[in-house]
Every structure is written in C-alpha cells, then in structure tokens.
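Remarks on the structure that follows.
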Amino acid sequence: DHDFSAYHLDICFIDIGLEEHERQWLRDRNVIIKPYDDIRMFESLPSYFKNYNKSQIIRPFLPKIFPGYDIYMWSDTDIWFQKAEGVTRFLDFARDYAPKIAIVPTVDTSYQQLNYAHFRDENYGRFLQWMKIWYQTSFDERTSIDLYGRALFSSGIFAIHRDSDIWARWANEFKTVFNRNYNDQPFALHVAEQSALNKVIYDTNAFIPVSSLFNYNCHIGNVKHDETRGKVVIGYPPFDELAVIHLTYSSKFMPHYIEQGLLYQTGTYLEPAERERLSGVKHYGEES
C-alpha cells in the first residue's frame, strides 16, 4: 500500500536452513533466494561456528552474492517495518552520502534500560564494560581502549553503496576476529562481525548516524502499542511512531513482545502453535 515507484527494489534472502514450504512461501512473493551452500564466500568456517553464524558473516559480501544493484540494505529477520520510510530513509542516505554507511547507533533518550536503570540491571555503564570485553576478545586491548565509550552501531540494519570500500574493509577484519579464541567469552563471537564493522566505521569515519526510530531495540527501550492509533510507539511523550521495530533479545522478551502487541499486526496472524514456537526461541543459536 506504499508507493515505491521511485525505487527499483528486490527482496533477497539468504537460506541457511529453510524448509521447502518456507522457500515456496518466499518464492510466491517474488523473493530472490540464495542458499548459503551455493554462495561459497569462505573455503571453510571455524569449527566453533553455529549454523546461525552463516547469516552474520555474509553481510560484507552482499554485492558479490547479489550483484547488479547500486544500494544494498540489510535487515535482520527479527525486524519489521511499520513505515515505508523505514526502507527509503536508508536507501536515500546510502545514495546521497556514498560511500558512507547509513546505520543506527544504539543510543536514544528513550532507551530506559541503558540510561535510567541501576548498574546491577545492565545500565550503560555496565554495557560499556561488556563492549570493551567484546572488542578486546575480537581484537586486542589497544582496540578496545580506542573504541571504549563510543556509540555501538547495530549491524541489524544498514545500507551501503556498492562502491563503498567499507565492504572490503569489513570483510578483511574477519581475518582477525574469526581467528581469535572465544572459549571464555562466547557472546563476543555472537557480536564479532558487528565489532568488526564498528572498528571499520570509526577507522574511516564514513558513517551517517540514523535516528533510533529506524532501528528501535525493543529490549532496552520504552515501547508500546498505541491502540488508538494502531501503531507501535515510543512510550515517552510525544509518543513518536517507530519506522523500524527490532525485536531484539527475543529469547528472553518474545513472550512480552507478543503480550504487548509489538509484532506486526500485533501478531494476530499467528496460529497458537506458532506463538508457542516463537516464545521458545533461544538466544544466539542455542537449540530450542
């Protein structure tokens, strides 16, 4: 119901383990599917990788996987778009400010968990400590000090022009981060490709920071479903409508998201069995 006539858009999907009926559902909607095993961006993967890691490490290679486009926009599958602008804003910024990346930092006045919670409840002070550990684990102490205190950019959604050297720089950092030891800090592996992207962003200063309305991290924010407007909004005045809802940390918060009506169409399209399955989602690749 939105006019995208000014844009030639294709929706593409990386298949890391869909069932055939799921693939057919996507084909019926003209989605271009590439099976991960056909991509062959890597000769081999580290033995400690879990299957879901495949969907993370292909991000710097999108222009090679799906050639022929000017702008590439990535979206995690736990994201949904409430406004068309959630797509067009990224495309426009990546085009108009090329070769910079259009991306959202994890910073907002409404992020009550980070800004207003106690230290013991994972406020920003404690989050900074975790970030330093992630950078130190994926790189080294010097890098962790250099990046300490800087806003963390979420790789869950972004857009980049095809000619940007961010792609190559990001991929090159994988040679470092995926040859590190993550035995003591397994979550650092989960965010390793994001840590690599943040290093590139700050090394090059080639970024356009986009408002959190375009990648709202629900598990740290104050967000609600406004029944009067039928929209998901920030829970503080002036109750801005979100363009992009990111259902982050779903392994812990999905039951809350469902109860609060934060899913697309408040989740009314879900069958009871689907709701139960969603509520049983585990974090970063654990088996459910």
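The values are calculated or read from the model by the stated rules, or taken from the named source; none is laboratory data. This is a predicted model, so every value here is computed, not measured. Neighbour counts are summed over all protein chains in view; Cβ atoms, including those assigned to glycine, are modelled from backbone coordinates with ideal geometry. Keep in mind that these areas ignore ligands, DNA and RNA; they rest on the heavy atoms of the full protein, side chains included. Shrake-Rupley method; radii C 1.70, N 1.55, O 1.52, S 1.80 Å.
The lone criterion from (1) closer than 24 Å to residue 214 by Cβ; (2) of a type outside the set (Lys, Arg); (3) modelled with pLDDT under 95 left unmet by residue 37 is number (1). If we keep just the residues of the stretch 132-149 that are in a loop (DSSP other than H, G, I, E, B) and open to solvent by 50 Å² or more (accessible area, probe 1.4 Å), which is nearest to residue 190 (Cα to Cα)? It comes out as 140. I'm trying to understand the selection: among the residues of the stretch 236-250, which are part of a loop (DSSP other than H, G, I, E, B), in contact with a strand residue (DSSP E or B) (Cβ under 7 Å, 6 or more places away or on another chain), open to solvent by 20 Å² or more (accessible area, probe 1.4 Å) and not aromatic (Phe, Trp, Tyr)? Hit for the stretch 236-250 is 240, nothing else.
Condition check for residue 181 on (1) open to solvent by 30 Å² or more (accessible area, probe 1.4 Å); (2) in contact with a Leu (Cβ under 8 Å, 6 or more places away or on another chain); (3) over 30 Å from residue 94 (Cα atoms): one failure, at (2). Residues in the stretch 153-192 that are at pLDDT 95 or above, outside any loop (DSSP other than H, G, I, E, B) and charged (D, E, K, R): 2 in all. When residues in the stretch 110-123 are screened for being free of Cβ contacts under 8 Å to residues at least 60 places away in the same chain and open to solvent by 60 Å² or more (accessible area, probe 1.4 Å), 7 of them pass. Restricting attention to the stretch 251-274, the residues that are open to solvent by 80 Å² or more (accessible area, probe 1.4 Å), under 22 Å from the mean Cα position of the chain (by Cα) and either charged (D, E, K, R) or farther than 18 Å from residue 217 by Cβ (or both) add up to 2. Looking across 64, 54, one residue alone is part of a helix (DSSP H, G or I) and open to solvent by 60 Å² or more (accessible area, probe 1.4 Å). It is 64. Within the stretch 24-31, does at least one residue satisfy the condition of being loosely packed, with under 11 Cβ neighbours inside 10 Å, hydrophobic (A, V, I, L, M, F, W, C) and either modelled with pLDDT under 85 or outside any loop (DSSP other than H, G, I, E, B) (or both)? Taking every residue of the stretch 24-31 in turn, none turns out to be loosely packed, with under 11 Cβ neighbours inside 10 Å, hydrophobic (A, V, I, L, M, F, W, C) and either modelled with pLDDT under 85 or outside any loop (DSSP other than H, G, I, E, B) (or both).
Being open to solvent by 40 Å² or more (accessible area, probe 1.4 Å), part of a helix (DSSP H, G or I) and at negative phi is a property that residue 43 lacks. Of the residues that sit in the stretch 67-103 and are under 19 Å from residue 17 (Cα atoms) and part of a loop (DSSP other than H, G, I, E, B), which one is least open to solvent (accessible area, probe 1.4 Å)? The selected residue is 76.
Looking across the stretch 193-220, the residues that are part of a loop (DSSP other than H, G, I, E, B), buried (at least 21 other Cβ atoms within 10 Å of the Cβ) and either in contact with a Phe, Trp or Tyr (Cβ under 8 Å, 6 or more places away or on another chain) or at pLDDT below 95 (or both) come down to 210, 218, 220.
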